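Encoded as structure tokens, the structure appears first; notes follow it.
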Amino acid sequence: MNRLSSIATVVGLSAVLAVLAQPAFGQTVKVTPLGGIDGEFCAQDRALIFEDPDGTRVLYDPGHTVAGADDPRLGKVDVILVSHMHNDHLGEAHIKAAGAGTCAKPDSSVSSMPNSNVVEIAVAKKSKIVTGSEMPPFFAGRLKAAGGDPANSMLARFGGSVTVGGVRIATVAALHSNGVDPDFIGGDLGKAMKAAGIEGDVGPATGYVLRFSNGLVAYLSGDTGILADQKLVIHDYYHASLVVMNMGDNFTTGPAEAAYVVNELVKPASVIPSHSNEVSTVDGKVRPGSKAEAFVKAASMAVHLPLSGRTMEFDAAGKCVAGC
């Protein structure tokens, strides 16, 4: 091989390596809501599955509407994210199956105590649980008690990140309380705390920013109010183009406040509303007079309702290209 051939070979190999190192921009991230009633957006719906183009699957806030580890909708779960420790996100109980109960009130009568729906799923699926603040020790202890690996409880504090498969996961601020139900603590201490009306503090609640292998950046708000960080961190630094925005009012931003966050602060290409705390759709269509309708009307970008079981696909720019 002469010198020119050697140079050409090296240049060609470098070009191939450069292409392989780039995000898979032609591929999509799949987002599947796991709610209480198929085809609807219901009062207790929080849970979403994100699937990276490389197959990494991330479950967010399973709460009450994932029917435990045996829920056939789950499939493989590599990572579970928990925004905070309230029962509707952690899951002290869960539905028997998709469709149990009503859209207004799912039949979440299956107890997950003393471990939680999150931990039971993580043990069965051998999933990582990624949280911030002081939540990881709680999950490590529960994983160990349930026969899982406590090392699967992973910390990602504000400003830091962890990578699992093709997904880089960072925690960001959320303005919300974050107490552990005393029933999870148990014993005399748990009884005394319950009698006093206090919960176990595990630091601030969090949101998440996910960077997928196709280049998509998604902001998962968690339960939060309006924060300057939504402009300075989520928009200016992370450049999120897809937002999952909690908008049910009282416990989190209401429709008008949530619309301000996405319109004026984060400015994504697309938004998925969540945590409505009421029946938001009827026959898959937004319910007139609902908070979801108010949010859809107020948001200036594409709004995609999280209809349970319906998979949406998003490109690198945050545009829904299928299932919407």
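The values are calculated or read from the model by the stated rules, or taken from the named source; none is laboratory data. All values derive from a computational prediction rather than experimental measurement. Cβ sites come from the backbone with ideal geometry, for glycine too, and all protein chains shown count toward neighbours. The accessibility values were calculated without ligands, DNA or RNA, using every heavy atom of the protein model including side chains. Shrake-Rupley method; radii C 1.70, N 1.55, O 1.52, S 1.80 Å.
Magnitude of the Cβ-charge dipole of the range 196-324, K/R +1 and D/E -1, about the Cα centre, nearest 20 debye? Mind showing how you got there, number by number?
Details: 9 positive and 13 negative charges, 92 e Å.
I would put it at about 440 debye.
Given Cα positions, please report Rg to Rh for the range 69-200, the hydrodynamic radius being the Kirkwood one. Could you put the intermediate results ahead of the total?
On the way: Rg = 15.3 Å, Rh = 15.8 Å.
Value, to two decimals: 0.97.
What is the magnitude of the charge dipole of the range 276-322 about its Cα centre, with +1 placed on the Cβ of each Lys and Arg, -1 on the Cβ of each Asp and Glu, and no other charges, expressed in debye to the nearest 20?
Numbers: 6 positive and 5 negative charges, 23 e Å.
My answer is approximately 120 debye.
Residue 283: accessible area at probe 1.4 Å, nearest 10 Å²?
130
Got a number for carbon plus sulfur as a percent of the chain's accessible area, 1.4 Å probe?
Values: 7590 of 13360 Å².
Reported share for carbon and sulfur atoms: 57 percent.
In straight Cα distance, which lysines are under 27 Å from residue 191, not counting same-chain residues fewer than 8 positions off?
By straight Cα distance, residue 191 reaches 144.
When you have a sec, figure out the Kirkwood radius of the range 127-231 from all distinct Cα pair distances and drop it here in Å to one decimal?
On the way: mean 1/r = 0.0659 Å⁻¹.
Result for the range 127-231 stands at 15.2 Å.
Take the Cα atoms of the chain, build their convex hull, and give its volume per residue in Å³.
On the way: hull volume 47.7 nm³, N = 324.
Hull volume normalised by residue count: 147 Å³.
Along the principal axes of its C-alpha atoms, what lengths does the range 239-324 span, in descending order and rounded to whole Å?
32, 30, 19
Mind putting a number on the dipole of the chain about its Cα centre? Charges go on the C-beta only, +1 for Lys and Arg and -1 for Asp and Glu, and I need it in Debye to the nearest 20.
Details: 26 positive and 32 negative charges, 169 e Å.
The calculation lands at about 820 debye.
Before I look further, what does the chain give for accessible area per residue, probe 1.4 Å, in whole square angstrom? Walk me through the numbers before you get to the answer.
Numbers: 13360 Å² over 324 residues.
Here the residues of the chain average 41 Å² of exposed surface.
Springs between alpha-carbon pairs under 10 angstrom, Gaussian network model over the chain: which of 207, 215, 197 fluctuates most?
197
Which one, 217, 282, 207, projects farthest toward the positive side of the charge dipole computed for the chain from Cβ point charges (K/R +1, D/E -1)?
Value computed over the given set: 217.
Name the residue, out of 47, 124, 228, whose mean-square fluctuation peaks in a Gaussian network model built on the chain with Cα pairs under 10 Å.
Sorting by GNM fluctuation, first place goes to 228.
Can you give the Kirkwood hydrodynamic radius for the range 17-147, in Å, rounded to one decimal and based on Cα pairs?
Numbers: mean 1/r = 0.0656 Å⁻¹.
Final number for the Kirkwood radius of the range 17-147 is 15.3 Å.
Counting pairs of Cα atoms in the range 169-318, how many percent are more than 28 Å apart?
Details: 3062 of 11175 pairs.
Considering the range 169-318, 27 percent of its Cα-Cα pairs are separated by more than 28 Å.
Considering every pair of different Cα atoms, what Kirkwood radius, in Å, is found for the range 83-124?
Kirkwood hydrodynamic radius for the range 83-124: 10.7 Å.
Taking Cα pairs under 8 Å and at least six residues apart, what relative contact order does the range 67-107 come out at, in percent? Provide the component values of the computation, followed by the final result.
Values: 20 pairs, mean separation 16.2, N = 41.
Relative contact order, the range 67-107: 40 percent.
Using Cα springs under 10 Å in a Gaussian network model of the chain, which residue among 205, 218, 269 shows the largest mean-square fluctuation?
So, out of 205, 218, 269, the one fluctuating most is 269.
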